[in-house]
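Heads up: the structure comes next, in structure tokens.
The values are calculated or read from the model by the stated rules, or taken from the named source; none is laboratory data. Given the structure is predicted, the values throughout are model-derived calculations rather than measurements. Positions of Cβ are backbone-derived with ideal geometry, glycine not excepted, and every protein chain shown enters the neighbour counts. Only protein heavy atoms, including side chains, enter the accessible area calculation; ligands, DNA and RNA are left aside. Shrake-Rupley method; radii C 1.70, N 1.55, O 1.52, S 1.80 Å.
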Amino acid sequence: MATGADVRDILELGGPEGDAASGTISKKDIINPDKKKSKKSSETLTFKRPEGMHREVYALLYSDKKDAPPLLPSDTGQGYRTVKAKLGSKKVRPWKWMPFTNPARKDGAMFFHWRRAAEEGKDYPFARFNKTVQVPVYSEQEYQLYLHDDAWTKAETDHLFDLSRRFDLRFVVIHDRYDHQQFKKRSVEDLKERYYHICAKLANVRAVPGTDLKIPVFDAGHERRRKEQLERLYNRTPEQVAEEEYLLQELRKIEARKKEREKRSQDLQKLITAADTTAEQRRTERKAPKKKLPQKKEAEKPAVPETAGIKFPDFKSAGVTLRSQRMKLPSSVGQKKIKALEQMLLELGVELSPTPTEELVHMFNELRSDLVLLYELKQACANCEYELQMLRHRHEALARAGVLGGPAAPASGPAPAPAEPAASEPGLGSDPSKDAIIDVVGAPLTPNSRKRRESASSSSSVKKAKKP
């Protein structure tokens, strides 16, 4: 016979709610008594945030189980900020319209402003910024004993100190308000000198023995010279300003050439030292016996500069290597030196890649190092010769211009090519005497520059010859 539970099951009217309403307790209810509550809470509809939508935009969507989004911005405590504005927790402090006086004013003027009632009767808060200069006061006796000056009367000195108190030692204003009709006309430097002289005198007279004095000192002569120099600087003409800029540029050029010449002389000295060291080392190796040669070489190895010759890499601790790798030129040698080295080897009849035996590798590397050193010495020598010719030419030009005060001495050696005239600065007339004086240490000629000049002069002579 069917029961009520079977009928409800057939009609699909039964379930947990029906069992709970009928009071029937099942096995599941005994095992999991809290499952119903959790299931109810999990049945709430939740929408997943669409892909690509920001979290802040998704939070603005309206749902039945949440409050509608506010029309005005508000802080609910659920966002990023956790601190809420606590309004009405304290009483508002009362403000009052009250009068006040400014201590900086001596006329007793009364003003009004809003202020908290608790601050009634207190001093004006901005009175602490009222800083005044302490101008010394002297008596009649002190003036007659220590401050008397024939160029200044007491009335004029009193007038100066009165203006100093009124205008807080603003001497430009004091000079403007000074009574030049009643008293003698004074400059700002005169007023400063008189004031600080009196201050120093009073400080010395009133000082307690054994104390350090801070005496104000004013050098009126220096101040007058400074203003005179500024006035001259301000009254310069445009031609004078342009000439000064031109002289400064020439001075920078002279300093740059001087530094370059010093650097060249240092490099040349390094090359000479390296050549002498290499020659001395060769003599020592020839005199020393062969058995003691390695020890002697390690013990008395001279410090050769890196710029001298070629510094080949050391493959002692590099594992297994080919002996021909020791003949490879390092990357520090430029392409220009490599081409010159190959040219010199071809002139000497030496193969560029000989058989790499132990003795040949050592001798070939030494030969190339000496050739590179010889190439650098030749370059330095050529630069020095051309520089000497350039200086000799400029000396002759100065002697002909009469700058040196004597006749031009005949130059020994080949006559140098005439120097090109310096380009005149824009806005300035070409002054040959000035250029000759300034460009005494001109840029030295190099082999390439001399070749270019010789080719240019030859081409110009050919053009002249072709003209009818």
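The table below gives the values:
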read-out	value
Some residue of region 210-224 being outside any loop (DSSP other than H, G, I, E, B), closer than 24 Å to Glu140 by Cα and not acidic (Asp, Glu)	no
Filter pass, Glu300 being on the phi < 0 side of the Ramachandran plot, modelled with pLDDT under 65 and charged (D, E, K, R)	yes
Test: residue in region 352-361 that is touching a Phe, Trp or Tyr at 6+ places or on another chain (Cβ under 7 Å), surrounded by fewer than 17 Cβ atoms within 10 Å (Cβ to Cβ) and modelled with pLDDT of 80 or more	yes
Hey, Leu348 within 21 Å of Ala279 (Cβ to Cβ) and modelled with pLDDT of 80 or more or not	yes
Count of region 97-135 residues which are of a type in the set (A, V, I, L, M, F, W, C) and either surrounded by 12 or more Cβ atoms within 10 Å (Cβ to Cβ) or within 46 Å of the chain's Cα centre (by Cα) (or both)	8
Residue that is modelled with the highest pLDDT [pool: residues in region 320-345 that are β-branched (Val, Ile, Thr) and open to solvent by less than 70 Å² (accessible area, probe 1.4 Å)]	Ile338
Where Lys201 falls short, out of the listed (1) open to solvent by 40 Å² or more (accessible area, probe 1.4 Å); (2) of a type in the set (D, E, K, R); (3) free of Cβ contacts under 8 Å to residues at least 40 places away in the same chain; (4) over 30 Å from Arg105 (Cβ atoms)	(3)
Condition met for Phe167 (closer than 10 Å to Ile198 by Cβ, at pLDDT 90 or above and not hydroxyl-bearing (Ser, Thr, Tyr))	no
Residue list for region 111-157, restricted to those being closer than 21 Å to His175 by Cβ, without any contact (Cβ under 8 Å) to a residue 40 or more places away in the chain and charged (D, E, K, R)	Lys154, Glu156
Region 151-197 - residue that is of a type in the set (Val, Ile, Thr) and more than 25 Å from Glu228 (Cα to Cα) and, of those, surrounded by the fewest Cβ atoms within 10 Å (Cβ to Cβ)	Thr153
Complete set of residues in region 369-421 that are under 40 Å from the mean Cα position of the chain (by Cα), over 30 Å from Asp276 (Cβ atoms) and at pLDDT 50 or above	Arg394
Which listed residue is at pLDDT 65 or above, among the acidic types (Asp, Glu) and open to solvent by 100 Å² or more (accessible area, probe 1.4 Å), from Asp267, Asp314	Asp314
